[in-house]
Each structure stands twice: as structure tokens, then as C-alpha cells.
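See below for the structure under consideration.
Nothing in this text is a laboratory measurement; each read-out follows from the coordinates by a stated rule. In this text the structure is predicted, and so the values were computed from the model without any measurement. We place every Cβ from the backbone using ideal geometry, glycine too, and count neighbours over all the protein chains shown.
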Amino acid sequence: MKKNTKVFLGSSALLLSILILLITATPASSGSEISILEAKVNGAQYEGRYVTTEGFLQAGSVDWRADEIELRFTIEDEEGNTLDVFHHGVRPDNFSDEVIVIVHGYLQEDGVFEAERVQTRCPSVYEAEDPENYDADFHRELLREGNNED
């Protein structure tokens, strides 16, 4: 085989590999962010499409099956709309009541959301402090103590 033919075949194989990687990675990055209400009302429109939604973990809805590594739970929005979620994977560490759950995956025909990824965040971490409760003298004293330790 000629040298030019080998270079052409090698380059073609490399480009084909890159193209395949891009095609398989694209669904995860081209998803839509929808509300729980949108998932319930227009679920058929999102079947087979990668979507992201979030809601509060509904108290008492967690069904963790460690042997099968399956997690089933329900998330709820502020208006009381709910969405059942199935995740085949590890249960997040801080998965408890009063946590916001972000799910990435696909809506199934039966209305269950099959999550490829489950993330949590604690709502209190993202809530602002009341500015009227700010004690400037207390914080100045903390700074002085921190500087004196050096």
C-alpha cells in the first residue's frame, strides 16, 4: 500500500471516531429544561428527548433498592404538581426531605421520568440572609480575632 493511502485511511478513521463521539455526546448537551407542570401536561411532546427538571423531594416517597441499585422517588413543585422519577444508579449523599432535586433524563410513555443523572441541593444554602439581622460589630470582632492569631 502506498504511503498516501495509509495516511488517508488513518485520517479517515480518526475523523470517523471523532464524529461518532460528537454524535453520542450531543443528546446530553442539547436537552431542554422544563417544569414539572410542563412534563405532566405536554409529556408526549418530550418523549425520547433529553430534558432537565427540578422540584422538592416529596416526603416519604423515596424507595431505595440497594441490591438492584434502583432509586424511585417523587418530586414536587411549589404548586403541588408531582412527577415520579426512576434512577438506576447510586443514591445521592444528601438525599432527604427538604432538598431540591435536579433530574436529567427522559420522560417515558407511562409518565415516569427516567433519570440518567440526579443532583441535589439544599434550599437553605441558597437563601439569602435577612439584611436586618446583619451584625456589623460581630463581624468586625471576628476579623480582629482572626488577624491577631497570626
Taking the stretch 8-103 and dividing mean pair separation by its residue count, relative contact order in percent (alpha carbons under 8 Å, at least six apart) = 25 percent
Placing each pseudo-label 7 Å from Cα in the direction of the beta carbon, Thr120 and Asp137 end up separated by a distance in nanometres of 4.1 nm
Cross-link partners of Lys40 among lysines (Cα-Cα below 20 Å; sequence separation of 8 or more within a chain) | none
Taking the Cα atoms of the stretch 38-106 alone, what are Rg (to one decimal) and Dmax (as a whole number) in Å?
-> 12.2, 35
At 0.36 nm per residue, minus the direct Cα-Cα distance, what do Asp84 and Leu19 gain on full extension? Give it in nm, one decimal, please.
-> 19.9 nm
